[in-house]
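Only one structure is covered here, and it is reproduced in the block below.
The values are calculated or read from the model by the stated rules, or taken from the named source; none is laboratory data. Just so we're clear, the structure is a prediction, and the values are computed from it rather than from any experiment. Backbone-built Cβ (ideal geometry, glycine too); neighbour counts: all protein chains shown. These area figures cover heavy atoms from the full protein model, side chains too; ligands, DNA and RNA do not enter into them. Shrake-Rupley method; radii C 1.70, N 1.55, O 1.52, S 1.80 Å.
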Amino acid sequence: MNATADSIDDGGNEPAENYLNCSNTIASWAFTLDHKRIGVMYLVGICIALLLGGLFAMAIRLQLWMPEGMLFDEQMYNEIFTLHGAIMVFLFIIPSVPATFGNFFLPIMLGAKDVAFPRMNLASFYLWVFGTIFFVAAMLFTGLDTGWTFYTPYSAETSKAPVVAATMGVFILGFSSIFTGLNFVVTVNTMRPPGMTWFRMPLFLWSIYATGVIQLLATPVLGITVLLLGAEAVFHIGIFDPRYGGDPVLYQHFFWFYSHPAVYIMILPGMGIISELLPVYCRKPIFGYKFIALSSIAIALLGFLVWGHHMFVSSESTIAAVIFSGLTFSVSIPSGIKVFNWLATMYKGNIHMNTGMCYVMAFMFLFTIGGLTGLHLGTLATDVPLHDTYFVVAHFHYVMMGGALIAFLAGIFHWWPKMFGKMYNEFWGQVSAMLVFIGFNLTFFPQFYLGTLGMPRRYASYEGREGFPISEALVDQFTHLHRVSTGGAFVLATGLVIAAAVLLAALLWGRRAPRNPWGGATLEWTCTSPPIHSNFIDTPSVGDPYFYENMEWDPELGGFKTLPPAKPIETSEHQPAGSE
Amino acid sequence: MFANHLLPALINLPALPLAGFWFGEAASTGAQDVDQLFALINWMCLFFFVLIIGMMCVFLFKYMKRDGHKEEWSPSHSNMLEIVWSVIPTLLVALLFVLGFKGFIDMRTPPANAYDIGVTAYKWRFQFDYPNGAQDEELHAVVGQPVRLVQQSNDVLHSLYIPAFRTKMDVVPGRYTYQWFEATKAGTYDLFCAEYCGKDHSNMNSNVVIHETQAEFDAWLAKINTPPDNPIEWGEQLYTRKGCKQCHSTDGTARPGGGPSFQETYGKTHQLIGGGTVVGNENYILDSLRKPQSQIRTGYKGITMPAFPRSLVKDKEVDALIAFIKSLSPDYVPEVETVPEVETPEEEGTIQDEVATESAEEPEPEEEPEVESVEKTDEMPDEEPEESAKENGETP
Amino acid sequence: MSHEHSHHVTSLPVLFATFAALVGLTLLTVYQATSLHLGQFEMAVTLGIATAKALLVALIFMQLAHDKPLNSVILVSAILFFGLFVSFTLLDRKEYQPQIDQFLLDRDAPKVYADP
Amino acid sequence: MSATTPHAGDLHAHRFHAHHFDTQEQQFQAGKLGMWLFLATEVLFFSGMFCAYTIYRVIHPEVFAFAHQFLDPTLGAANTLVLLVSSLSVAWAVRCAQTNKQGMLLANLVFTVLCAGIFMGVKSVEYTLKFHEGLLWRSAYSFVEGSHPDLGPAHEQLRQFGLVSLGIGAAIVVLGMLVGVGLRKARGLFLAVALIGILVGSVCLARAGVVEEMTETQMGQMLNVGGYALAIGLGSLITGVILLGGENRGARWAFFAIAATVVGLGAGCLAANVYTANKEANAHSTHAHSTHGEAASAAGEQHDVSHDETHEAGSQHRATETTALVNEFTEEKLLYGGEGPKFPGIFFSIYYAMTGVHAIHILCGIGVFVWIIYRAAAGHFEPSYYGPVEYVGLYWHLVDLIWIYLFPLLYLIQ
């Protein structure tokens, strides 16, 4: 550590020019190679996707207010839940954290000027846009009603045009995802600055790295799967479609070989954000650095061994089900390690309950529930009745939404001052976190109970058909629970709208952000807010990313300033475990 | 609305898990095992949840930023702790795996004395085939008798799910899948399709009726195996039972996303997609049932109509349906002669007769009978000696 | 270390020898498949020859023999995941094949229910 | 990880040194790592089809044994050789870039693209043959005797159009090289046009060569294909002579060797086509509906014909029995059954999926090679900067590597 007090400017005199205002033409955005601008464009894009997916989600919740369905007929409902799922998974969650925060902060955290392949990075964004266009096309064709999983033979026999459009969209989005992952892996591998060994990287980078590995190894299989599915739908090649001698269960193997690891593409970056934020807000070095870092890699690799647990009742053979169940439990260990290490980080800290920290706590609560209910589903005998019911719906929303989306929100509140140089209203930020947390639990906790009672997923109504009504007591219970859920969804939506409003208001009326409002020790807090076009004026020197003792709150700056280190970091006890 | 529905639900909510009744009523031998395992996992989860979230809350309140509070030093890693919180959960999940595995093997191993009931799933119905040849869309069984369901699908993936028995298995086209249960309580239970299968997925439910005694069950079986004498009445029953009703009305209106009304079918000339016309006669109805994609009338999406092969609708039943559709036609006049004829086993003859009458009236008399005979020879293997009577009438 | 020599340059004789070996192995595999009848070993021999060729291409043409180990690790792990995918899927597929066979058998057999 | 250790040679800033890399070595290694990761995704991309292949082969070995006989191992081996030669030339191109032999670099790259063109040509010969015999994927499989359509007068025009565009293509390649070496500005355009010409030419020729009625003599076919192969061989020969005059003696002889190989390959391709033509002729003249090829029909008997018979029987596989089975076949059986006489179609589904996706990779390869040739002609590459040549080379080797497996798995089944 060769940083001295005078070499660190804590933001007294910020340069007037930054990456946002250094050029203003549309072309300077559309053809930018700057990872920060690409990250911001991604942010705008995925927020639109989130809004769209969210509107469909509200439509679903409203529909289920009445047992006979309140708004739509069955066909329309099927299309809506399909679009909700497909948009949320392919357009929102998978690119959410890596493509925005990964793009924006990965090079900065490495002290680099850009990612390894800036043009590929831009290409990845435009592929995302084209993929989105295909999805819009699928919507315009009307009739994409296969569910986001595109199970054969249903997807191969009905509504060909939208299915082909959507699968081609998925194919293109897959490339976008591969390019992003590839860029990050190469950047982390080859562009770490002198002094930043593997075990001195911020944990966010570890999780992005692990995510990149999954994106590289799993996404191509999705590519070939949708390609073969498209060929099946158009030419009837007989690989997946039983009408032509194919095997629908084979399709499920193909699909889940990608889509299970994809779950970790969604959640790992979220875990990375939590590992990054928690020590900052607790003012304590992260506990068990090495274990958290390696558990990311372990999750990434073990995630490839468990895809068969989506198929326990899909007539997978008994032996395969048993093997996959056994392997499934192995994933719970590294996830547990992370949670326990986070807890240990809080111990004896000095916890700042900022908006970011509120979301982190919400994440820990929701992710714990999501993870623990995974045990019910991983256990073979209990999975059988729960499979394809609302229990599963609740479980994966707790993990994907309670995990990935909440972590995304935590990240956005944490890094917003850095990205746009404006502070937001702390009070309303915390209100939004509260509402999101309460609304989320109200929406999804009842769904666990719905699932155990037997409510199957993807039902447009739950009164049964003529002559075969579902028993009255059950319909009553379903109705009550669905209504709590729908009510909760409105609370949740309100929370999200407030969060968006807080952030947008900050852009307009927010106070100017200091360099380091939260006292983070990773490199992004040493550059200006917002960063200049080339990130750093001088190559920054690398220190311990979780060493906070040399920081002090400066009320004049409204942020933290860095003091000369009390003692050289190399001999400090607060060094990450890995460097020993 | 809030007072009516939300409030009671909210008040009830905490009581539900406390009551320990996560699942509904357990009515099979397997269900109790599943419930026990589920409860065990629940307790385990509750323990960890309280541990984690409890510690989180304690830390949150104890170490929350306030005046004079400062972070204190504590070790930043501890291999001992890491080992503890890796090994203990590993042991616990290993236990869960073993228990789940055992339960699963039981679920997948039907007893040797199981009673086989065939299941054919199609859009959007389950049809149950009983060993004596009876078919019904309700699943009936007897208390204490293990039942094995031999499942096949006529079109897409379905999944037969009986919450009360905690059992579920996908129904996959092109192969068999199996599940079994042994009911412990008489009663009527819900049965759902749990795998998304298209438009009416949410209406693909049925009932499971568990009879107290074998005699009761046998009586039901005998009853269901005897169709009504009047073909029109039988046709009307089939209209509901085979799922026609979901897409086809009988009052001349077109259901949204569905097919043409049955009232508009018989004795009219219809425009087809891709040009050409077809006359609504027996052949047309038979074709529409067996090969629905072959003649699609303008204004309808034929793709939604599944094919009904003979395993789903027997030829006799087709006759009944035709009789029913015919009776709906506005200019239907009950024919006194045909009614007794359909009651005999030789319904095929009836169709032939009718086609003959029909062809005399239609503009294309040449074509129709020919199509008919091709149809019949194609579809009918010779291995039905007991039904030879009907062959006489139509072998060229 | 001057820049020109920081990367391995494969000599022409090595390139041509590799090429000759590849052509030789191709001819061998054609001969083996069309003229020799190795029975149960046939598949193993065919794939063995293909793998030998693949190794030659990877090690010499693609310079893995002189490259950073990381690049070899990447290729090998891709192949491992390939194997994982194929083997698990195949395992399951073979296990449930009897249920398909039984279905086809029944379907082609005379119907259980009495057709009219 | 020594990526960050600066090299002595890196100190001077190169014109293609991206600003965000500290050193050129770092840039090179980053690119290479990126390429290797991309190759890993390619391996997994193909894994889906290999998985489908493995599963259906394990479950229906008889179908594979039966259906593979319709593939011509001679053409497959010829294509394998074409790809191996191109792999050699790419590896050599990298060496040339490393040792600053600009002319040979360009020549090797152009040669590689020519090989890719030959590969696609042979591929289209194969595809066309199968299309006209009804050897298609599962639902379209309709293998019936005498299903060759007559293209009529358009046929002859197609062939001539093919020849002319091939000639123009070859000429433009030569011109492009000349201009590339001389005026280093406009050769990219020339080369692109040349490649398009070659591709269009080879595809047209292949079509013309195959769809022909047998009343048109085999000689015509020989001329077509021979002309095609020779044009390419001679084109590259002349190019080599012109390019290498005075630049590098040893390499000149080596280039002659390559050119000779191309001519040889052309001859091989020719022979293969003659062979195919003979098969056709046999099928038509000897109307011997021998039952050699009845093979494993839907019944699933293991086909057991010695390879000699297999070769002779050729298209007599359209045995009467198969035809009879096709006629027996009903739609219901196709729709709701697995096996039927159309079942061999599953082999062709997989065949088209695998070779089709592979061919798309070849086309992408041609695309990037055009770009690399453009840059090579502009003199961008030198020992201190040759990354793109190496990366594209790696890609091309992987495409070759996949074919190394596809060839025995599809063509050489017993």
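Within segment A:439-448, take every residue that is under 20 Å from the mean Cα position of the chain (by Cα) and open to solvent by 10 Å² or more (accessible area, probe 1.4 Å) and give me the one that is nearest to the other protein chains (Cβ to nearest Cβ). Before the answer, list the steps.
From segment A:439-448, those under 20 Å from the mean Cα position of the chain (by Cα) are A:439-441, A:443-444; that's our starting set.
When the remaining residues are screened for being open to solvent by 10 Å² or more (accessible area, probe 1.4 Å), the result is A:441, A:444.
Details: A:441: 11, A:444: 13 Å.
Applying the filter and picking the extreme gives A:441.
Considering only segment B:270-293, state which residues are out of contact with any helix residue (DSSP H, G or I) (no Cβ under 6 Å at 6 or more places or on another chain) and farther than 20 Å from residue B:239 by Cα.
B:270, B:271, B:272, B:273, B:274, B:275, B:276, B:277, B:279
Quick one: which of A:320, A:262, A:293 is at the interface with another protein chain (Cβ under 9 Å from one of its Cβ atoms) and open to solvent by less than 10 Å² (accessible area, probe 1.4 Å)?
Values: A:262 fails: at the interface with another protein chain (Cβ under 9 Å from one of its Cβ atoms); A:293 fails: at the interface with another protein chain (Cβ under 9 Å from one of its Cβ atoms).
The match here is A:320.
Just give me the residues in segment B:57-77 being assigned to a loop (DSSP other than H, G, I, E, B), among the aromatic types (Phe, Trp, Tyr) and either modelled with pLDDT under 80 or closer than 24 Å to residue A:368 by Cα (or both), in sequence order.
If we filter segment B:57-77 for residues that are assigned to a loop (DSSP other than H, G, I, E, B), which is where we start, we get B:63, B:65-77.
Still in the running and among the aromatic types (Phe, Trp, Tyr): B:63, B:73.
The one that is assigned to a loop (DSSP other than H, G, I, E, B), among the aromatic types (Phe, Trp, Tyr) and either modelled with pLDDT under 80 or closer than 24 Å to residue A:368 by Cα (or both): B:63.
In segment A:265-287, how many residues are under 23 Å from residue B:65 (Cβ atoms) and surrounded by 24 or more Cβ atoms within 10 Å (Cβ to Cβ)? So that I can check it myself, show each step before the final result.
Narrowing segment A:265-287 to residues under 23 Å from residue B:65 (Cβ atoms): A:273-287.
This time we only want the ones that are surrounded by 24 or more Cβ atoms within 10 Å (Cβ to Cβ), so: A:273-282, A:284-287.
Of the residues in segment A:265-287, 14 are under 23 Å from residue B:65 (Cβ atoms) and surrounded by 24 or more Cβ atoms within 10 Å (Cβ to Cβ).
Could we say that residue A:349 is in a helix (DSSP H, G or I) and crowded, with 21+ Cβ neighbours inside 10 Å here? Before the answer, list the steps.
On the way: in a helix (DSSP H, G or I): no; crowded, with 21+ Cβ neighbours inside 10 Å: yes.
So residue A:349 fails the test.
Name every residue in segment A:224-237 that is within 18 Å of residue A:259 (Cβ to Cβ) and crowded, with 24+ Cβ neighbours inside 10 Å, in order of residue number.
Residues satisfying the conditions are A:224, A:225, A:226, A:228, A:229, A:232.
Working only within segment B:200-215, note down all residues that are surrounded by 16 or more Cβ atoms within 10 Å (Cβ to Cβ) and not in a strand (DSSP E or B). Step through it out loud before you land on a result.
Pass one, segment B:200-215, residues surrounded by 16 or more Cβ atoms within 10 Å (Cβ to Cβ): B:200-211.
Once the filter is applied, which keeps residues that are surrounded by 16 or more Cβ atoms within 10 Å (Cβ to Cβ) and not in a strand (DSSP E or B), segment B:200-215 yields B:200, B:201, B:202, B:203, B:204, B:205.
Hey, can you tell me all the residues within segment A:480-492 that are out of contact with any helix residue (DSSP H, G or I) (no Cβ under 6 Å at 6 or more places or on another chain) and surrounded by 19 or more Cβ atoms within 10 Å (Cβ to Cβ)?
Of segment A:480-492, the ones out of contact with any helix residue (DSSP H, G or I) (no Cβ under 6 Å at 6 or more places or on another chain) are A:482, A:490.
Residue satisfying the conditions is A:482 alone.
Among residues belonging to segment A:501-550 that are without any contact (Cβ under 8 Å) to a residue 12 or more places away in the chain and in a helix (DSSP H, G or I), point out the one that is nearest to the other protein chains (Cβ to nearest Cβ).
Among those that are without any contact (Cβ under 8 Å) to a residue 12 or more places away in the chain and in a helix (DSSP H, G or I), it is A:509.
Taking into account only those residues within segment B:120-131 that are more than 10 Å from chain C (Cβ to nearest Cβ) and part of a loop (DSSP other than H, G, I, E, B), which is farthest from the chain's Cα centre (by Cα)? Lay out the reasoning, then the answer.
Taking segment B:120-131 and keeping what is more than 10 Å from chain C (Cβ to nearest Cβ), we get B:120-128, B:130.
Cutting the leftovers down to part of a loop (DSSP other than H, G, I, E, B) gives us B:123-124, B:130.
Details: B:123: 7, B:124: 6, B:130: 15 Å.
In this case the residue turns out to be B:130.
Just for helices (runs of 4 or more DSSP H) wholly inside segment D:305-414: which have at least 1 residues that are modelled with pLDDT of 90 or more?
Values: elements: D:307-313, D:320-328, D:331-336, D:345-377, D:387-411.
So the answer is D:345-377, D:387-411.
Quick one: in segment D:374-414, which of the residues that are in contact with a Lys or Arg (Cβ under 8 Å, 6 or more places away or on another chain) and more than 12 Å from every other protein chain (Cβ to nearest Cβ) is most open to solvent (accessible area, probe 1.4 Å)?
D:374
So which residues in segment C:58-84 are of a type outside the set (Ser, Thr, Tyr), part of a helix (DSSP H, G or I) and at the interface with chain D (Cβ under 8 Å from one of its Cβ atoms), if there are any at all? Walk me through it before giving the result.
First, pick out the residues of segment C:58-84 that are of a type outside the set (Ser, Thr, Tyr): C:58-71, C:73-76, C:78-84.
Cutting the leftovers down to part of a helix (DSSP H, G or I) gives us C:58-61, C:64-66, C:69-71, C:73-76, C:78-84.
Selection gives C:58, C:60, C:61, C:70, C:71, C:74, C:75, C:78, C:79, C:81, C:82.
State yes or no: is residue B:251 over 21 Å from the mean Cα position of the chain (by Cα), in a loop (DSSP other than H, G, I, E, B), acidic (Asp, Glu) and more than 12 Å from every other protein chain (Cβ to nearest Cβ)? Full working, then the answer.
Numbers: over 21 Å from the mean Cα position of the chain (by Cα): yes; in a loop (DSSP other than H, G, I, E, B): yes; acidic (Asp, Glu): yes; more than 12 Å from every other protein chain (Cβ to nearest Cβ): yes.
Yes: the conditions hold for residue B:251.
Residue B:261 versus (1) open to solvent by less than 20 Å² (accessible area, probe 1.4 Å); (2) within 22 Å of the chain's Cα centre (by Cα); (3) of a type outside the set (Val, Ile, Thr); (4) not assigned by TED's automatic domain parsing to the domain that holds residue B:146: which is the lone unmet condition?
Failed condition: (2).
Quick one: count up the residues across segment A:124-167 that are outside any loop (DSSP other than H, G, I, E, B) and in contact with a Pro (Cβ under 7 Å, 6 or more places away or on another chain).
Restricting attention to segment A:124-167, the residues satisfying the condition of being outside any loop (DSSP other than H, G, I, E, B) are A:124-141, A:154-157, A:160-167.
Now drop any that are not in contact with a Pro (Cβ under 7 Å, 6 or more places away or on another chain), which leaves A:128, A:138, A:141.
Number of matching residues: 3.
Could you list, in sequence order, all residues of segment A:238-250 that are at the interface with chain D (Cβ under 10 Å from one of its Cβ atoms) and open to solvent by less than 10 Å² (accessible area, probe 1.4 Å)? Quick ask: steps written out before the conclusion?
Initial filter on segment A:238-250 (at the interface with chain D (Cβ under 10 Å from one of its Cβ atoms)): A:238-247, A:250.
Passing the criteria: A:238, A:239, A:240, A:241, A:247, A:250.
If residue D:109 meets every condition in (1) within 13 Å of chain A (Cβ to nearest Cβ); (2) crowded, with 22+ Cβ neighbours inside 10 Å; (3) modelled with pLDDT under 90 apart from one, which number is that one?
Only one criterion is unmet by residue D:109, namely (1).
Cβ contacts < 7 Å: first residue open to solvent by 70 Å² or more (accessible area, probe 1.4 Å), restricted to segment B:90-107; second residue at pLDDT 90 or above and assigned to a helix (DSSP H, G or I), any location; separation 6+ or different chain. Result?
Pairs that qualify, where the first residue is open to solvent by 70 Å² or more (accessible area, probe 1.4 Å) and the partner is at pLDDT 90 or above and assigned to a helix (DSSP H, G or I), are B:101/A:322; B:101/A:325; B:101/A:380.
Test residue D:17 against the stated conditions and say whether it is within 10 Å of chain C (Cβ to nearest Cβ), surrounded by fewer than 21 Cβ atoms within 10 Å (Cβ to Cβ) and either over 26 Å from the mean Cα position of the chain (by Cα) or modelled with pLDDT of 90 or more (or both). Walk me through how you get there before you give the answer.
Values: within 10 Å of chain C (Cβ to nearest Cβ): no; surrounded by fewer than 21 Cβ atoms within 10 Å (Cβ to Cβ): yes; either over 26 Å from the mean Cα position of the chain (by Cα) or modelled with pLDDT of 90 or more (or both): yes.
In short, no.
To keep it simple, each residue is scored yes or no on (1) charged (D, E, K, R); (2) open to solvent by less than 10 Å² (accessible area, probe 1.4 Å).
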position	(1), (2)
A:119	yes, no
A:136	no, no
A:146	no, yes
A:150	no, yes
A:155	no, yes
A:160	yes, no
A:167	no, yes
A:183	no, yes
A:200	yes, no
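Can you tell me how many residues in segment A:449-465 are within 20 Å of residue B:197 (Cβ to Cβ) and either within 7 Å of another protein chain (Cβ to nearest Cβ) or among the hydroxyl-bearing types (Ser, Thr, Tyr) (or both)?
The qualifying residues number 9.
Just name the residue that is surrounded by the fewest Cβ atoms within 10 Å (Cβ to Cβ) out of those in segment C:34-57 that are facing chain D (nearest Cβ under 9 Å) and within 13 Å of the chain's Cα centre (by Cα).
Pass one, segment C:34-57, residues facing chain D (nearest Cβ under 9 Å): C:34-35, C:37-39, C:42-43, C:46-47, C:49-51, C:53-54, C:57.
Still in the list and also within 13 Å of the chain's Cα centre (by Cα): C:43, C:46-47, C:49-51, C:53-54.
Numbers: C:43: 16, C:46: 21, C:47: 15, C:49: 20, C:50: 22, C:51: 12, C:53: 27, C:54: 20.
Looking at the filtered set, the residue picked out is C:51.
Of the conditions (1) touching a residue at least 40 places away in the same chain (Cβ under 8 Å); (2) open to solvent by 10 Å² or more (accessible area, probe 1.4 Å); (3) charged (D, E, K, R); (4) within 26 Å of residue B:38 (Cα to Cα), residue B:148 satisfies every one except a single condition; which number is it?
It fails just one condition, (1).
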